[in-house]
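The values are calculated or read from the model by the stated rules, or taken from the named source; none is laboratory data. Quick caveat: nothing in here was measured; it's all calculated off a predicted structure. Here Cβ is always computed from backbone atoms with ideal geometry, including for glycine, and neighbour counts include all displayed protein chains. Heavy atoms of the whole protein, side chains included, go into the accessibility calculation; ligands, DNA and RNA do not. Shrake-Rupley method; radii C 1.70, N 1.55, O 1.52, S 1.80 Å.
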Amino acid sequence: MFVLQSYPWAVVFCVITMFCWGSWANTQKLARQGWRFELFYWDYTIGVLLLTLILGLTLGSYGSVGNTFTADLAQVSRSSIYSALLGGAIFNLANILLVAAIDIAGMSVAFPVGIGIALVLGVVLNYAANPIGNATMLFAGVALVVLAIVLDAVAYRTIPGGAAGVSTKGLVLSVACGVLMGFFYRFVAVSMYPEFAHPEPGKLGPYAAVFIFAAGIFLSNFVLNTFVMKKPFVGLPVSYADYFKSDLRTHLTGILGGIIWGLGMSFNIIASGRAGFAISYGLGQGATMVAAVWGVFIWREFRAAPARASKLLAAMFVCFLAGLALIIIARTS
């Protein structure tokens with residue numbers, strides 16, 4: 001299978017992850033107007049599954065390093081399968097809760113609470129299990145990225161109408177999302193052998209692990225998303241009949257969103273072989289700032305904001321870049 005041979009390339013792959021994770025949601029904006037997230041999400045999960053399968057059958061089956069994609073699947077233990085599947089189910093629930101929290105409490109609450117908790121918890125858990133890199137540099141970088149997320153949230157609250165009241169329900173959903181989002185990556189990591197060139201019996205390589213993870217997302221959707229369709233956090237219930245009423249372009253847009261996110265996840269897992277799980281996860285969660293770039297420069301979400309929003313955004317980007325630099329340096333110091 002294809003593996004990375006150097007840390008700088010691992011950083012490049014993590015940066016690609018940031019752009020993918022911070023950009024996939026734009027496809028929902030490009031879908032048919034009024035297309036509900038619960039319906040869009042089915043196509044998204046299909047896209048993630050397809051992308052991971054394609055990468056497994058191509059890059060995962062190329063070269064002589066480690067096991068091939070199919071060889072990994074043929075020898076994997078039940079415990080590793082269950083771990084990767086559970087990681088997918090946990091991520092799926094966290095992602096659904098994040099969207100619900102945004103709808104109820106707004107980005108100014110959902111992102112700093114949800115993604116902030118996920119970033120800190122995810123890095124702590126993965127570093128404790130696989131302590132690669134300088135802890136001081138790593139956690140200082142994480143702190144700066146969390147500060148950048150908070151500044152982003154404060155800037156959003158300056159937009160007219162962006163400081164809506166915070167409900168208990170929205171806050172609880174944000175906290176629950178953050179805790180779950182912080183745990184999912186560890187379950188995927190546990191299913192893998194950390195040295196990709198040296199397979200371990202019963203464990204998975206990166207391509208097989210991320211494919212089973214994607215299967216966990218898709219399969220859990222039949223329970224989680226079906227429930228949300230019937231009992232939505234916001235709006236009226238929707239049905240499977242509504243899903244099949246849409247046109248091909250709308251469905252392809254959702255599948256594209258899943259392909260973009262799945263590419264980011266796959267590259268992040270591939271990068272973890274050189275960067276370590278904690279650094280790889282920490283860099284990937286900088287996606288929030290990529291989403292902020294889309295909001296500021298493409299969707300012009302701050303065009304009605306007062307002048308101080310520009311200062312907050314400038315400080316946000318400075319903290320974000322400084323945080324990323326410390327996380328990257330943590331592996332080499």
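Looking only at region 42-78, residues that are in contact (Cβ under 8 Å) with a residue 40 or more places away in the chain, part of a loop (DSSP other than H, G, I, E, B) and either closer than 22 Å to GLY264 by Cβ or not hydroxyl-bearing (Ser, Thr, Tyr) (or both) come to 6 in all. Can you confirm whether ILE81 is closer than 18 Å to GLY254 by Cα, of a type outside the set (S, T, N, Q), open to solvent by 40 Å² or more (accessible area, probe 1.4 Å) and in contact (Cβ under 8 Å) with a residue 24 or more places away in the chain? Considered against the rule, which asks whether it is closer than 18 Å to GLY254 by Cα, of a type outside the set (S, T, N, Q), open to solvent by 40 Å² or more (accessible area, probe 1.4 Å) and in contact (Cβ under 8 Å) with a residue 24 or more places away in the chain, ILE81 comes out as no. The single condition among (1) open to solvent by 10 Å² or more (accessible area, probe 1.4 Å); (2) touching a Phe, Trp or Tyr at 6+ places or on another chain (Cβ under 8 Å); (3) more than 15 Å from VAL15 (Cα to Cα) that LEU312 does not meet is (2). The combined condition, being at pLDDT 90 or above, out of contact with any strand residue (DSSP E or B) (no Cβ under 8 Å at 6 or more places or on another chain) and either buried (at least 22 other Cβ atoms within 10 Å of the Cβ) or among the polar types (S, T, N, Q) (or both), is fulfilled by GLY258. Does GLY34 fit the bill of being crowded, with 21+ Cβ neighbours inside 10 Å and of a type in the set (Gly, Ala, Ser)? No; evaluated as a whole, the condition is false for this residue. Taken over region 28-58, the residue count meeting the criterion of being polar (S, T, N, Q), more than 23 Å from TYR193 (Cα to Cα) and more than 15 Å from the chain's Cα centre (by Cα) is 2. Among the conditions (1) within 19 Å of GLY323 (Cα to Cα); (2) modelled with pLDDT of 95 or more; (3) surrounded by 21 or more Cβ atoms within 10 Å (Cβ to Cβ), the only one that PRO206 does not satisfy is (1). Does SER174 meet the test of being at pLDDT 95 or above and of a type in the set (S, T, N, Q)? When the stated conditions are applied, SER174 does not pass them. PRO237 fulfils the conditions (1) open to solvent by 30 Å² or more (accessible area, probe 1.4 Å); (2) assigned to a helix (DSSP H, G or I); (3) free of Cβ contacts under 8 Å to residues at least 60 places away in the same chain except for a single criterion, (2).
How many of the residues in region 193-211 are outside any helix (DSSP H, G or I) and either under 24 Å from ILE46 (Cβ atoms) or small (Gly, Ala, Ser) (or both)? The qualifying residues number 4.
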